[in-house]
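Some notes on the structure that comes next.
Here, each number is a calculation from the coordinates, and none is a lab measurement. This is a predicted model, so every value here is computed, not measured. Don't worry about glycine lacking a Cβ; one is built from the backbone with ideal geometry, like all the others, and counts go over all protein chains shown.
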Amino acid sequence: MAILSFSRAINKALSDMMDLDPAVILLGEDIANAGGSFGATRGLLDRFGGHRVIDTPISEAAIAGAAVGAAMSGLRPVVEIMFMDFSTLVMDALVNQAAKARFMFGAQCSVPMVLRTPHGGGLNAGPQHSQCLEAWFAHVPGLKVVVPSDAASAYALLRSAIADPDPVIFVENKALYAAKMEVPDDLALSLGRARLARQGKDATVVAYGAAVHWALEAAARLAEKQIDIEVVDLLSVQPWDEEMVLTSLAKTHRLVVAHEAVEAFGVGAEIVARMADIGFDELDGPIVRVGAPFMPVPFARSLEESFRPDADRIVNAVLRTLE
Amino acid sequence: MTKRKAPPDPMELLALYRMMLMVRRSEERLMGLFADGDVPGFIHLGIGQEAVPVGVMSGLGPQDTIASTHRGHGHALAKGLSLEGFFAELLGKDTGLCRGRGGSMHVADMSTGMLGANGIVGAGLSIALGSALAHKTLNRDSISVAFFGDGALAEGLAHECLNMAALLKLPLLFVCENNGWSEFSPTSRQIAFTLEGLSQAYGIPYHSVDGNDVEVVAASVAPLIAGIRQGGGPIVVECHTNRVRGHFEGDAQKYRDADELARLPEADPLRVAGKRLADLGINAAHLEQVAAEVDEAIEAAVSLARQSDLPVFSAAAADVYTVEQVL
């Protein structure tokens with residue numbers, strides 16, 4: 001047990017897995033000498049050497065494509081893509097190569113690679129350095145998508161992602177990197193499983209990543225009004241824990257889904273659609289989504305503040321479903 | 001580099017001839033099966049280009065890996081895929097190497113180091129790059145080969161891969177099969193540079209090879225492969241060859257000049273190797289015997305594929321990804 005920030009937890013997970021398995025290597029821009037744009041790989045070059053912690057040129061497509069070929073040839077590469085916005089440049093490697101290999105080669109091989117990448121706003125980084133694009137990847141059969149919500153879940157899930165035989169998109173919220181907490185060494189989390197972040201009885205809020213913290217803040221405010229909400233921290237977006245969400249809905253009969261990504265055609269839409277189908281009989285109110293408006297992430301502080309979802313919007317959404 | 005090995009070994013050349021013929025007759029058989037509707041989807045034939053995969057593969061062992069293209073039948077068979085598994089895959093059968101999920105454009109066999117044909121132009125370069133990285137990182141005595149067409153040179157990914165292979169000094173042989181055509185357009189109208197100039201820009205040794213002469217291809221790549229295996233870093237080989245059929249089977253090639261098409265038979269790699277074998281004392285009857293054996297093997301594979309079961313949908317659905325590993 002140690003008190004670690006989110007980025008140190010990532011660092012520890014990488015380091016532990018590299019100790020455990022010589023096939024684990026790191027590939028990315030500025031990850032070796034510079035230690036990564038957000039410091040997640042700091043110190044690993046000294047510890048594991050340049051043959052396992054590899055600074056690449058600014059060639060996202062080749063980095064990701066190489067990770068696929070390396071994963072098919074005995075390595076377990078962990079790629080860092082500096083901002084999730086840059087994942088547009090790795091789409092062929094992920095969508096047409098990594099996602100398909102197990103299936104289209106008749107399960108002769110799998111592609112045990114992880115692509116780590118930060119999403120989210122709050123840094124006034126503007127339209128090309130702030131997006132949450134996880135829904136794109138969740139839509140592609142063959143990819144797994146994980147979004148931890150804190151240092152402990154990041155530590156546990158990254159180890160699971162590296163050990164997993166399939167390609168995993170591991171999404172880190174930039175606003176969470178500095179947040180510290182106790183991280184148990186032995187915490188084990190399975191991909192595809194959610195966790196109950198707060199028990200409640202009046203409504204369920206399903207969230208992932210930074211939105212989990214907004215949901216918990218909303219829960220505290222609603223508690224002052226004697227409204228007791230349950231918060232499900234999804235942790236994995238693909239596959240996602242349908243069972244836990246349905247169980248919670250069956251208990252509270254009201255559902256809000258919240259994420260930082262644009263609301264339209266998002267992860268929330270999938271969860272809502274499934275629950276409106278398999279959970280229809282449990283619903284006592286409309287299902288409400290909370291997400292960013294349908295616009296690029298704006299730069300100016302005032303604009304970005306209005307753009308990003310927050311606890312207030314979740315409070316309002318819960319009140320709406322309880323009306 | 002257009003040197004042949006001297007003195008030539010007729011038996012070695014005969015083995016290369018036999019494999020080229022295996023590729024040729026297999027593709028000719030596929031043409032018929034495709035026309036009859038037994039092979040679904042698209043197929044892209046490499047008729048006229050057989051000397052490149054067969055010549056290059058003669059320098060590789062089972063521990064070496066290759067990444068192929070959409071025109072990958074020759075790479076697959078020359079790398080040692082079973083004819084039965086190959087035909088069953090192209091006919092969409094459960095006994096296919098990929099259980100009928102990939103077909104012509106995705107035929108693969110990990111056990112022989114064939115990391116897959118590829119439906120995306122240029123993508124194989126990055127797969128081969130990564131495989132070379134794995135060989136180097138895990139201290140294997142293996143090399144990786146990226147097969148790609150001249151059309152792929154217009155893809156940005158190809159440039160990224162050349163650069164990264166040079167920077168990381170990877171055990172990677174880049175083999176450009178230059179047939180002069182980028183799908184339906186002449187490559188001369190697609191790229192503003194030469195591969196030789198490009199290789200020089202990336203500091204990668206470059207060799208131009210007559211890709212219609214299997215003896216030349218084999219003799220040219222053998223020392224290059226040995227050099228890569230010893231840690232010399234990547235090398236580019238450009239094999240000049242001809243695509244006889246259309247971009248895909250069914251393409252009438254109305255965009256091609258009749259004179260160009262008329263010149264193709266002379267450069268046919270089987271004709272070139274056949275003449276050479278005759279000069280070395282292998283008589284026509286011997287070659288006919290080889291052809292009969294090849295045809296017999298192909299017919300047996302096709303017949304087996306036809307009798308094989310269709311793939312099972314639920315088994316395909318179970319291979320999208322591994323289901324949760326509970327911790």
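Once the convex hull of all Cα atoms in region B:37-112 is built, its volume per residue stands at 81 Å³. By the count of other C-beta atoms within 10 Å, a proxy for reagent exposure, A:Asp150, A:Asp233 are ordered fewest to most as A:Asp150, A:Asp233. Around the amide H of A:Val237, modelled in the peptide plane, lie the amide H atoms of A:Val145, A:Val146, A:Val147, all under 5 Å away and 5 or more residues distant in sequence or on another chain. Shielding by partners for peptide A:106-114, expressed as the average number of C-beta atoms from other protein chains within 10 Å of each residue's C-beta, is 5. Can you pull out the trypsin sites (Lys or Arg not before Pro) in region B:243-327 that DSSP calls coil and that have at most 14 other Cβ atoms within 10 Å? Answer in residue order: B:Lys254. The value for region B:277-327 of Rg(Cα) / (2.2 N^0.38 Å) is 2.30.
Packing here is the average count of other Cβ atoms within 10 Å per residue, and on that basis the peptides B:109-119, A:216-226, highest first, run B:109-119, A:216-226.
Remark: region B:134-141, residue by residue, has Karplus-estimated 3J(HN,Hα) of 5, 4, 5, 4, 8, 6, 8, 8 Hz, where x stands for each Gly or Pro and the curve is 6.51 cos²θ - 1.76 cosθ + 1.60 at θ = phi - 60°. Axis of helix A:60-71 versus longest Cα principal axis of chain A: the two differ by about 80°, to the nearest ten degrees. Karplus-based coupling profile of region A:111-117, in residue order and whole Hz: 10, x, 10, 10, 10, 8, 7, with θ = phi - 60° in 6.51 cos²θ - 1.76 cosθ + 1.60 and x standing for Gly or Pro. Look at the stretch A:81-92: the mean tally of other chain Cβ atoms within 10 Å of its residues' Cβ atoms is 1. Please list, in chain and number order, the residues 5+ apart from A:Cys132 or on another chain whose amide H is under 5 Å from its amide H, with Hs placed from the backbone. Here A:Gly120, A:Val262 satisfy the definition. With all pairs of different C-alpha atoms in the average, the Kirkwood value for the hydrodynamic radius of chain A is 19.9 Å. Using a cut-off of 20 Å between Cα atoms, the listed pairs A:Lys201/A:Lys225; B:Lys79/B:Lys275; B:Lys136/B:Lys169; A:Lys12/A:Lys174 include B:Lys79/B:Lys275 as exceeding that distance. The mean sequence distance of close C-alpha pairs (under 8 Å, at least 6 residues apart), as a share of the length of chain A, puts its relative contact order at 16 percent. No solvent, one uniform scatterer per C-alpha: report log10 I(q)/I(0) for the protein assembly as shown via the Debye equation at q = 0.08, 0.11 1/Å, two decimals. Calculated log10 I(q)/I(0) at the listed q: -0.64, -1.04.
Compute the signed sum of charges (Lys and Arg +1, Asp and Glu -1) over the other residues within less than 13 Å, Cβ to Cβ, of A:Asp92. Residues close to A:Asp92 contribute a combined charge of -2.
The string of couplings for region B:149-165 from the Karplus curve (6.51, -1.76, 1.60, θ = phi - 60°) is x, 5, x, 5, 5, 7, 7, x, 4, 4, 5, 4, 6, 4, 4, 5, 4 Hz, one whole number per residue in order, with x for Gly and Pro.
Exposure proxy ranking for B:Tyr202, A:Tyr208, A:Tyr155, B:Tyr255, based on other Cβ atoms within 10 angstrom of each Cβ and starting from the fewest, stands as B:Tyr255, B:Tyr202, A:Tyr155, A:Tyr208. Near A:Leu115, the amide H atoms lying under 5 Å from its own belong to A:Val79, A:Val168, A:Ile169, A:Phe170; only residues 5 or more places off or on other chains count, and H is placed 1.01 Å from N. For a straight C-alpha distance cut-off of 18 angstrom, the lysines reachable from A:Lys100 (same-chain residues fewer than eight places away being disregarded) are A:Lys144.
The peptide list B:42-53, A:12-23, A:30-41, A:138-149, put in order of mean Cβ contacts within 10 Å with the highest first, becomes B:42-53, A:138-149, A:30-41, A:12-23.
Overall size of region A:37-85 from C-alpha positions, given as principal axis extents largest first: 28, 27, 15 Å. Here region A:195-322 is treated as a Stokes sphere of Kirkwood radius computed over C-alpha pairs; at 4 °C and 1.567 mPa s its diffusion coefficient rounds to 90 µm²/s. Applying both filters, DSSP loop and at most 16 other Cβ atoms within 10 Å, to the trypsin sites (Lys or Arg not before Pro) of region B:1-91 gives B:Lys3, B:Arg4, B:Lys5. Fewest-first ordering of A:Ser302, B:Ser68 by other beta carbons within 10 Å of each residue's beta carbon gives A:Ser302, B:Ser68. Using Cα pairs closer than 8 Å and at least 6 residues apart in sequence, work out the relative contact order for region A:195-322, in percent. After rounding, I find 29 percent. Inter-chain neighbour count for B:156-165: the average number of beta-carbon atoms from partner chains within 10 Å of each residue's beta-carbon is 5.
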